[in-house]
Amino acid sequence: MAVTTLKIDGKEVSANEDETILDVAFQAGIKIPTLCHIEGLTDIGACRMCIVEVAGSNKLQPACTTKVKDGMEITTQTARLKKYRKMVLEMLFSERNHVCAVCVSNGNCDLQTLAVEHDLTHVRMPYLYPKTEIDASHEWFALDQNRCVLCQRCVRVCDEIEGAHVWDVSGRGVQSRVITGLNEPWADSDTCTSCGKCVQVCPTGALSNKGKATGEMTKHREFLPYLAQRRHDHK
Amino acid sequence: MLLEELTAIAEKTRSERKEISVRCCMSSGCISSQAEEIKKALEMAVTEKNLGEKVEIRQVGCMGLCGKGPIVSVESEGLIYSDVTPENAASIIDALAGGKAVASQADPTHPFFTRQMLVVRSNGGRIDPDKIEDYIEAGGYSALYRVIHEYAPDQVINEVMKSGLRGRGGAGFPSGLKWSTVAKAKGDRKYIVCNGDEGDPGAFMDRSILEGDPHVVIEGMAIAGYAVGASLGYIYVRAEYPLAISRLQLAIKHAKRIGLLGDGIFDSTFNFNVEIRIGAGAFVCGEETALIASIEGRRGQPRPRPPFPAESGLWGRPTLINNVESLANIVPIINKGGEWYASLGTEKSKGTKVFALTGKIRNNGLIEVPMGITIRQIVEDLGGGTPDGKKIKAVQTGGPSGGCIPVELFDTPVDYESLMKVGSIMGSGGMVVMDEDTNMVDVAKFYMEFCVEESCGKCIPCRVGTVQMLNLLKMILERKATIRDLEALEELCEMVQNTSLCGLGQTAPNPVVSTLKYFRNEYLELLQPLPGEIIA
Ligand SMILES: Cc1cc2nc3c(=O)[nH]c(=O)nc-3n(C[C@H](O)[C@H](O)[C@H](O)COP(=O)(O)O)c2cc1C
Ligand code: SF4
Ligand code: SF4
Ligand code: SF4
Ligand code: FES
């Protein structure tokens with residue numbers, strides 16, 4: 001694989017051509033906000049938080065799925081990018097019920113952290129708050145659709161790492177919902193091994209361990225890069 | 001199959017033709033207004049009048065004047081009958097034997113017909129789409145023969161390059177460049193995909209091609225396969241097009257039967273097969289990466305590009321994906337040469353484009369016009385203006401991804417760059433005429449509703465942004481919005497355009513942006529004053 005050099009925020013960096021902008025920025029200590037990305041799973045470019053500007057192109061590119069090219073000049077923080085990222089977050093907060101004060105993940109939530117980082121103090125749009133279900137049928141875990149941001153991390157970890165493919169997305173547009181099995185209660189899924197990986201990777205309080213009170217749910221993701229590497233070596 | 005056999009089929013078909021062909025449009029539109037009964041009535045009349053020796057009734061594809069269908073034509077007599085009914089159909093046959101036709105007639109010398117330039121639709125309305133012999137008689141499959149025996153693959157690509165053909169699916173990407181990328185891409189296998197998902201509301205250009213001349217698409221795909229090194233092609237057609245699907249199925253069967261598809265075509269080493277895949281009617285499945293996911297049996301959701309399908313498409317293999325109309329242009333390009341094709345149209349937009357002309361217009365239907373014709377010529381000359389003499393206000397092109405062009409800009413030529421410059425796009429060929437009674441905010445709302453329905457939901461800007469834009473449009477229409485809401489709407493438009501994952505989201509704000517650009521007053525008139533603000 002060819003080694004290339006490029007510039008991120010004016011800093012010269014070297015990279016392999018199969019690396020993404022996000023990988024290379026991370027190695028160079030440059031932080032790009034992400035939400036659907038999680039180290040160890042295939043990236044899908046869904047949340048758009050990681051968009052960056054690439055010189056010579058008027059299209060913004062998601063850092064998590066865009067491979068680097070020799071001579072690229074990338075800018076990760078501009079007024080425009082910050083404004084768009086903040087609006088994307090505003091969209092999420094207007095979409096479903098994210099009242100942090102009563103959430104099990106209060107204080108330990110990727111969405112909340114991003115909102116603070118981006119100074120999102122209020123939402124200008126009407127709240128959509130669709131009527132969504134809570135599935136607490138599983139012995140240990142619970143799903144609260146109100147907090148789901150449709151990042152598909154649960155879908156990917158269960159499919160790519162656990163190999164159970166319990167999760168999927170049904171419906172489309174704002175009607176999209178994550179589902180277990182053939183849209184049946186989680187407890188009825190024949191394939192769920194109750195490994196808990198989906199709960200750990202979920203960025204918000206949408207997936208949690210049962211019995212947690214407000215703010216008590218912390219997530220542990222150390223296992224993921226390790227397992228992903230093991231899987232990779234095995235192939 | 002050898003060339004002699006092909007010629008023999010053509011000659012036999014020609015010799016069996018009767019003196020007078022009465023053509024009866026049997027495309028979805030006319031069938032829905034009793035074309036089948038009309039055809040039966042015509043056949044009965046021929047029997048009754050004992051004209052069987054001289055007159056034949058043939059089913060053909062769309063003749064264009066869909067708004068006045070069902071259409072029956074007698075080309076040898078220069079007659080086109082419109083709004084035919086099963087009751088008055090027999091009089092058309094009477095007229096051939098000296099009687100008088102009571103069915104109304106369209107004027108074949110009207111600009112609607114004379115200003116058209118038929119390249120992709122040259123067989124449409126002339127051949128029976130269910131008979132491969134008809135297609136062969138019209139010269140069909142001889143381009144494929146010549147390509148296989150006389151052209152190296154890169155010569156074929158060169159011809160497409162020379163033609164200047166650009167993708168008719170909406171984006172206008174140069175087809176020759178795409179073909180050569182796929183040809184150069186490395187892969188143990190390559191695929192051709194024909195995109196027949198046609199989801200723009202009101203559009204039916206591709207449907208009419210598939211229904212009226214399925215073989216021209218199949219032959220185009222085979223030529224593409226030869227050029228890029230693929231031996232399998234998929235035609236992706238939406239399930240709402242049952243007639244197109246059944247005609248394609250029959251066409252593929254016929255082509256296979258006589259060895260025009262399959263192994264060793266025309267006694268060469270070239271193998272090519274075509275399979276049909278049926279889409280379940282999601283607009284987003286027309287987006288190429290979503291379409292590929294759908295063919296692979298996965299949820300039809302777009303993924304970020306690059307990699308483009310030309311490098312990594314179906315099952316990770318290099319895949320050439322072209323629109324129906326793009327592929328239907330290939331046979332004429334091979335037959336008459338890339339240079340000939342490049343002589344039609346404008347400097348950067350070559351050839352012709354098929355449009356579905358609808359809305360407040362006298363002659364609505366399908367038209368094929370040379371690139372560079374102006375909107376005014378289409379609307380006033382071909383379209384004949386509004387049916388009730390009302391003033392025309394604007395034309396919408398490009399469907400939910402496009403924009404409105406106001407009447408002051410009707411001298412804009414129809415080419416990719418000019419339409420883009422005035423804030424719309426060529427799109428796939430929808431053209432909706434709006435009169436003075438149309439409320440442009442309402443128009444924007446209509447298209448936004450469509451995008452909300454059709455957003456796949458994968459990325460946040462499009463999933464939520466389209467709903468919020470629709471909410472704001474509704475508030476404006478209900479006279480509940482202030483200037484602040486309009487500002488929020490404009491910010492949303494910009495954000496959704498710039499951050500969405502695929503073309504659906506990236507273009508969803510266009511109808512709002514273009515109506516705001518040309519008809520801002522209509523928005524402002526609906527706004528409420530801010531608290532404390534006095535509007536003079
Ligand atoms: C939301 C969306 C819907 C699309 N629908 C269609 C379609 O129905 N038919 C089509 O040919 N192209 C459609 N396209 C464009 C395709 O992605 C692709 O560009 C095209 O099929 C390429 O063929 P061409 O180069 O011959 O135009 C769509 C694109 C988007 C973003
Ligand atoms: S607990 Fe494990 S197996 Fe069950 S859904 Fe979650 S990730 Fe999949
Ligand atoms: S449940 Fe959690 S991990 Fe799954 S899509 Fe929703 S937010 Fe993402
Ligand atoms: S832009 Fe819309 S249709 Fe395209 S991926 Fe995003 S949500 Fe899906
Ligand atoms: S982190 Fe890149 S799109 Fe979500």
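The values are calculated or read from the model by the stated rules, or taken from the named source; none is laboratory data. The shown structure was predicted, so the numbers you read here are calculated from the model rather than taken from an experiment. All Cβ positions, even for glycine, are placed from backbone atoms using ideal geometry, and neighbour counts span all protein chains on display. Each accessible area value is taken on the protein alone, full model and side chains, heavy atoms only, with ligands, DNA and RNA left out. Shrake-Rupley method; radii C 1.70, N 1.55, O 1.52, S 1.80 Å.
The figures follow:
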quantity: Residues of the stretch A:129-159 classified as within 14 Å of chain B (Cβ to nearest Cβ), under 24 Å from A:T218 (Cβ atoms) and not in a loop (DSSP other than H, G, I, E, B), total; calculated: 4
quantity: Qualifying residue in the stretch B:268-283 (condition: open to solvent by less than 30 Å² (accessible area, probe 1.4 Å), in contact (Cβ under 8 Å) with a residue 12 or more places away in the chain and within 13 Å of another protein chain (Cβ to nearest Cβ)); calculated: yes
quantity: Filter result (closer than 18 Å to B:D200 by Cβ and assigned to a strand (DSSP E or B)) within the stretch B:348-368; calculated: B:K353, B:V354, B:F355, B:A356, B:L357, B:T358, B:G359, B:G365, B:L366, B:I367, B:E368
quantity: Among (1) more than 24 Å from B:K184 (Cβ to Cβ); (2) modelled with pLDDT of 95 or more; (3) open to solvent by less than 40 Å² (accessible area, probe 1.4 Å), the one test that B:Q377 misses; calculated: (3)
quantity: Hey, B:Q497 open to solvent by 40 Å² or more (accessible area, probe 1.4 Å), in contact with a Ser or Thr (Cβ under 9 Å, 6 or more places away or on another chain) and away from ligand 2 (no atom under 16 Å from the Cβ) or not; calculated: yes
quantity: Of all residues making up the stretch B:186-206, the number that are out of contact with any Gly (no Cβ under 8 Å at 6 or more places or on another chain) and either surrounded by 23 or more Cβ atoms within 10 Å (Cβ to Cβ) or outside the structural domain of B:R168 (by TED's automatic domain parsing) (or both); calculated: 1
quantity: First in the stretch B:452-469 and closer than 15 Å to B:L492 by Cα, second anywhere and within 15 Å of ligand 5 (Cβ to nearest atom) and basic (K, R), Cβ under 8 Å, 6 or more apart; calculated: B:C459/A:R48; B:I460/A:R48; B:P461/A:R48
quantity: Residue tally, condition within 16 Å of ligand 2 (Cβ to nearest atom) and under 15 Å from A:L111 (Cβ atoms), over the stretch A:187-228; calculated: 10
quantity: Candidates B:E368, B:E408, filtered to the one that is of a type in the set (D, E, K, R), open to solvent by less than 10 Å² (accessible area, probe 1.4 Å) and not assigned by TED's automatic domain parsing to the domain that holds B:S28; calculated: B:E368
quantity: Residues (closer than 19 Å to B:Q59 by Cβ and either in a loop (DSSP other than H, G, I, E, B) or open to solvent by 40 Å² or more (accessible area, probe 1.4 Å) (or both)) located in the stretch B:89-117; calculated: B:A103
quantity: Meets criteria (open to solvent by less than 60 Å² (accessible area, probe 1.4 Å) and out of contact with any helix residue (DSSP H, G or I) (no Cβ under 7 Å at 6 or more places or on another chain)) for B:I460; calculated: no
quantity: Flag if A:S137 is hydroxyl-bearing (S, T, Y), closer than 19 Å to A:N209 by Cα, surrounded by fewer than 18 Cβ atoms within 10 Å (Cβ to Cβ) and within 16 Å of ligand 2 (Cβ to nearest atom); calculated: yes
quantity: Exclusive hit being farther than 16 Å from B:G505 by Cα and free of Cβ contacts under 8 Å to residues at least 40 places away in the same chain, set B:L473, B:L477; calculated: B:L473
quantity: Residue pairs meeting the criteria (Cβ under 6 Å; at least 6 apart or on separate chains; first of a type in the set (A, V, I, L, M, F, W, C), in the stretch B:417-430; second open to solvent by 10 Å² or more (accessible area, probe 1.4 Å)); calculated: B:L419/B:I425; B:V422/B:L409; B:V422/B:T412; B:M426/B:Y416
quantity: Selection status of B:L3, open to solvent by 20 Å² or more (accessible area, probe 1.4 Å) and in contact with a helix residue (DSSP H, G or I) (Cβ under 7 Å, 6 or more places away or on another chain); calculated: yes
quantity: Residues of the stretch B:309-331 satisfying the condition of being within 13 Å of chain A (Cβ to nearest Cβ) and open to solvent by 40 Å² or more (accessible area, probe 1.4 Å); calculated: B:E311
quantity: Matching strands (runs of 3 or more DSSP E) fully within the stretch A:1-112 where at least 1 residues are of a type outside the set (A, V, I, L, M) and away from every other protein chain (no Cβ under 14 Å); calculated: A:3-8, A:11-16, A:73-75
quantity: Residue list for the stretch B:58-70, filter: modelled with pLDDT under 95 and of a type in the set (V, I, T); calculated: none
quantity: Qualifying residue in the stretch B:58-67 (condition: more than 19 Å from B:G212 (Cα to Cα), open to solvent by less than 60 Å² (accessible area, probe 1.4 Å) and among the hydrophobic types (A, V, I, L, M, F, W, C)); calculated: no
quantity: Conditions (1) over 24 Å from B:V284 (Cα atoms); (2) assigned to a helix (DSSP H, G or I); (3) free of Cβ contacts under 8 Å to residues at least 60 places away in the same chain; number of the one not met by B:N498; calculated: (1)
quantity: Hey, B:P306 within 12 Å of chain A (Cβ to nearest Cβ) and open to solvent by less than 10 Å² (accessible area, probe 1.4 Å) or not; calculated: no
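The rows are residues; the columns are (1) under 19 Å from A:L81 (Cα atoms); (2) within 11 Å of chain A (Cβ to nearest Cβ).
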position	(1), (2)
B:I483	no, no
B:L486	no, no
B:Q497	yes, yes
B:P509	yes, no
B:V513	no, no
B:Y518	no, no
B:L524	no, no
B:P529	no, no
